[in-house]
Amino acid sequence: QKRGCEVKMITGDQRKIGIEVARRLHMGTYIFCPEVWSSSNSAIDRAGGLPNLALSAHGFAGVHPEHKYKVVEALQSVGHTVGMTGDGVNDAPALALANVGIAVADATDAARGAADIVLTQEGLSTIVIAINKARIIFRRLESYIIYRLASSCLILGFFTLLVTSTRFEFPTWVLILLSIVNDLTVIATSKDNMRTSNHPLKWDVPKLALIAATIGIIGVVQAYLFLYLMMNENRVFFWKRSNLQDCRIVAAIYLDLAITIQLNIFSARTRRFIFDFRAEKDAAPPPSKILMAPVLGALIGSTFLAVYWPATVRLGSGTAM
């Protein structure tokens with residue numbers, strides 16, 4: 001319940017037993033008796049159909065296998081993702097229909113065969129563990145998608161401006177070198193620290209694209225401004241050096257892009273400022289050592305490549321670095 005999953009009881013026991021168990025588990029005691037399934041009963045009609053009744057009820061008592069199936073089907077018909085636990089042959093049809101069928105410990109072979117998850121030990125705490133891990137993985141995927149979209153937006157946007165508005169030729173082989181270094185850190189994002197969520201998570205692709213585009217466009221602006229200052233002498237009072245050689249401009253742009261893309265990982269992994277780790281604000285925890293190590297390695301490695309790469313060595317045509 002603390003993870004935003006509404007729990008309902010569907011039992012073959014008597015209604016009084018179901019109410020008492022539900023009361024002790026703080027599930028709510030609005031539990032219907034078997035008569036609700038009779039054709040002459042108006043409870044379903046008064047609720048506006050079985051889906052509405054299933055949503056408002058805390059449970060059903062004295063049910064038969066077909067009733068369990070109907071409840072799962074009714075909840076799915078109004079857009080809910082339904083998980084169900086069971087242990088017997090009579091639970092198998094509903095377990096097979098549910099989005100996540102869970103056979104508890106010591107369940108029959110029929111229930112195990114119909115379920116998506118089979119618990120090997122008594123108790124239901126494993127379900128909570130599965131929910132937590134699933135939501136952590138979901139958030140890792142979100143941060144990965146934002147990071148990759150932002151990086152693509154940065155590279156595509158910057159080189160589009162580079163080609164259309166300047167005469168500077170940036171060698172494509174340096175771009176390949178940039179991609180090789182960055183790909184080493186992408187793998188580490190799968191081991192990043194993330195918090196679970198107190199509510200179910202759903203894909204919001206337009207929102208992810210907007211966040212990624214914002215991060216990417218900021219990178220495009222700063223990279224283009226950096227190039228503009230290097231190509232035009234005496235534009236600002238603090239720019240001491242003028243007439244930089246093209247090979248040095250290539251090295252500087254390569255390092256700028258490399259650092260920007262690496263630090264974008266930390267912008268993509270949280271919805272707040274990168275140094276805000278407060279759990280009450282639903283911010284991401286501090287990044288894992290498995291992520292920090294390759295990022296720092298990539299930053300240091302890119303710096304050494306940019307500073308010490310000999311101008312006589314080229315991996316393709318175009319300007320040297």
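The values are calculated or read from the model by the stated rules, or taken from the named source; none is laboratory data. Quick caveat, the model's predicted, so the values are computed rather than measured. Quick reminder, even Gly has a Cβ in these numbers, built from the backbone with ideal geometry, and neighbours come from all protein chains shown. The protein model used for the area step is the full one, side chains on, heavy atoms only, and it has no ligands, DNA or RNA in it. Shrake-Rupley method; radii C 1.70, N 1.55, O 1.52, S 1.80 Å.
Out of Ile129, Ile180, Ile176, one residue alone is more than 30 Å from Gly83 (Cβ to Cβ) and free of Cβ contacts under 8 Å to residues at least 40 places away in the same chain. It is Ile180. Looking across region 28-68, the residues that are open to solvent by 30 Å² or more (accessible area, probe 1.4 Å), under 15 Å from Val7 (Cβ atoms) and part of a helix (DSSP H, G or I) come down to Leu55, Ser56. For Ile265, indicate whether it is at pLDDT below 95, assigned to a helix (DSSP H, G or I) and buried (at least 19 other Cβ atoms within 10 Å of the Cβ). Taking the combined requirement at face value, the residue satisfies it. Applying the set (1) surrounded by 14 or more Cβ atoms within 10 Å (Cβ to Cβ); (2) among the charged types (D, E, K, R); (3) more than 24 Å from Val21 (Cα to Cα) to Asp87 leaves exactly one unmet item: (3). When we screen Asp256, Asp282 for residues that are open to solvent by 60 Å² or more (accessible area, probe 1.4 Å) and either over 20 Å from Ala188 (Cα atoms) or modelled with pLDDT of 90 or more (or both), the only hit is Asp282.
Note on region 90-105: residues that are surrounded by fewer than 19 Cβ atoms within 10 Å (Cβ to Cβ) and either basic (Lys, Arg) or in contact with a strand residue (DSSP E or B) (Cβ under 7 Å, 6 or more places away or on another chain) (or both) amount to 2.
Here's the yes/no breakdown for (1) surrounded by 16 or more Cβ atoms within 10 Å (Cβ to Cβ); (2) modelled with pLDDT of 95 or more; (3) of a type in the set (S, T, N, Q):
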{"residue": "Ile127", "(1), (2), (3)": "yes, no, no"}
{"residue": "Ala130", "(1), (2), (3)": "no, no, no"}
{"residue": "Tyr144", "(1), (2), (3)": "yes, no, no"}
{"residue": "Ser151", "(1), (2), (3)": "yes, no, yes"}
{"residue": "Phe159", "(1), (2), (3)": "yes, no, no"}
{"residue": "Val163", "(1), (2), (3)": "no, no, no"}
{"residue": "Thr166", "(1), (2), (3)": "no, no, yes"}
{"residue": "Phe170", "(1), (2), (3)": "yes, no, no"}
{"residue": "Ile176", "(1), (2), (3)": "no, no, no"}
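Among the residues of region 285-315, those that are outside any helix (DSSP H, G or I), open to solvent by less than 70 Å² (accessible area, probe 1.4 Å) and touching a residue at least 12 places away in the same chain (Cβ under 8 Å) comprise Pro285, Pro286, Pro287, Ser288, Trp309, Ala311.
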